[in-house]
1. Given the stretch 17-93, what helices (runs of 4 or more DSSP H) lie entirely inside it while holding 2 or more residues that are touching a strand residue (DSSP E or B) at 6+ places or on another chain (Cβ under 7 Å) and under 29 Å from Leu189 (Cα atoms)?
2. If Val107 passes every condition in (1) surrounded by 20 or more Cβ atoms within 10 Å (Cβ to Cβ); (2) touching a Cys at 6+ places or on another chain (Cβ under 9 Å); (3) part of a loop (DSSP other than H, G, I, E, B) but one, which one does it miss?
3. Take the stretch 263-304 and flag every residue that is of a type in the set (Gly, Ala, Ser) and modelled with pLDDT of 95 or more.
4. Could you list, in sequence order, all residues of the stretch 181-200 that are outside any strand (DSSP E or B) and under 19 Å from the mean Cα position of the chain (by Cα)?
5. Those residues that are over 22 Å from Gln89 (Cα atoms) and touching a strand residue (DSSP E or B) at 6+ places or on another chain (Cβ under 7 Å), I need them from the stretch 135-165; list them, please.
6. Among Leu253, Leu220, Leu249, which is the only one that is assigned to a loop (DSSP other than H, G, I, E, B), under 22 Å from the mean Cα position of the chain (by Cα) and closer than 24 Å to Ile149 by Cα?
7. For the stretch 33-72, enumerate the residues that are crowded, with 20+ Cβ neighbours inside 10 Å and at pLDDT below 95.
8. Looking only at residues that are surrounded by 18 or more Cβ atoms within 10 Å (Cβ to Cβ) and within 17 Å of the chain's Cα centre (by Cα) in the stretch 297-326, which one is nearest to Tyr240 (Cα to Cα)?
Amino acid sequence: MNITNSSLLIGSKVYVAGHRGLAGSAIMRRLEGEGCAEIVTRSHAELDLTDEAAVVRFFAEERPEYVFLAAAKVGGILANNTRPAEFIQDNLNIQANVIQAAHDFGVKRLLFLGSSCIYPRDCPQPIREEYILSGPLEPTNRSYAVAKIAGIETCWAFNRQYGTQFISVMPTNLYGPNDNYDLAGSHVLAALLRKMHEAKVAGASEVSVWGTGTVRREFLHSDDMADACVFLMNLPDAVYGPIIDSKSLAPLLNIGCGEDLTVRELAELIGEVVGFKGRLAFDTSKPDGTPRKLLDVSRMKELGWQASISLREGLAAVYREYSDIHNAAQEYPGEVTEVVE
């Protein structure tokens, strides 16, 4: 894990929106590990971020100085395809309410987490930050992507008009503790891990994998993502300022490992980690999604940050946690459908 100067966050009140999710919980672990004592959180039951009045009351009461906006309605191909109105409306409301309140109540810095699906479906590879809005989006998650693009544009607009210091990051496909393994909403890595665990326990000889297995994906452990986010929030003004003050480029940075692999290679690696020795059956009637999504992470490397957790190492840690906590056959009965974002 990269060591960063946490002088900006230690001793400050930090609000992590979405602290129970995959990304938010990783940011929480990172902040706690750095000794940040004043971390503010609210569960969805305690604070509905789509409720503007409730968000205003929260900011008025708590007055956070730094905000990590990791709260979002998320899912893969199946969820995005079947509930597009929810994905665009909920995410637009969450972003608008939190960003506006951050401005109104004098938040020093805000970091907004987007998604690599903001980039055009047929983007040149690896994907540079300036490729945003340069072509058509992937149809299966367009509503979610448009909402995330709006969040980036909102941060940029507030910076230009009001002088705020809001930054956006685009993590690649994440995995790690508190990942989603449910039947209809999980992403490809989590779903394949669960399916192979269940197959191993049941003694099954075959696991079905959506699509052709030829599309390529990049994966980043959530702890690396959190490390990058805290690194950015702690940048000195002389480095942070030019990122958010640009008039020609959105205050946007890709976060990834800079390497990808095919879904087939991913499935084979998960099989090795889990200990599943059966056959992979690729269901070509199911969608593949975007052909490739490899992020160009050169800007983060130039700033002094790069990922440190290898995919095999990260998968092994995730599987240890999964197998220790879950009796998958009992807790998650039924067929699992993986979705490739």
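1. Values: elements: 22-33, 52-62, 77-82.
Fully inside the stretch 17-93 and qualifying: 22-33, 77-82.
2. So the condition that Val107 fails would be (2).
3. If the condition is that a residue be of a type in the set (Gly, Ala, Ser) and modelled with pLDDT of 95 or more, then Ala267, Gly271, Gly275, Gly278, Ala281, Ser298, Gly304 are the ones that fit.
4. Tyr181, Asp182, Ala184, Gly185, Ser186, Val188, Leu189, Ala190, Ala191, Leu192, Leu193
5. Asn159, Gln165
6. Leu249
7. Cys36, Ala72
8. Among residues in the stretch 297-326 that are surrounded by 18 or more Cβ atoms within 10 Å (Cβ to Cβ) and within 17 Å of the chain's Cα centre (by Cα), the one nearest to Tyr240 (Cα to Cα) is Met300.
The values are calculated or read from the model by the stated rules, or taken from the named source; none is laboratory data. All of these numbers come straight from a predicted model, not from anything done at the bench. Because the Cβ atoms are built from the backbone with ideal geometry, glycine has one as well, and the counts that use them run over all protein chains shown.
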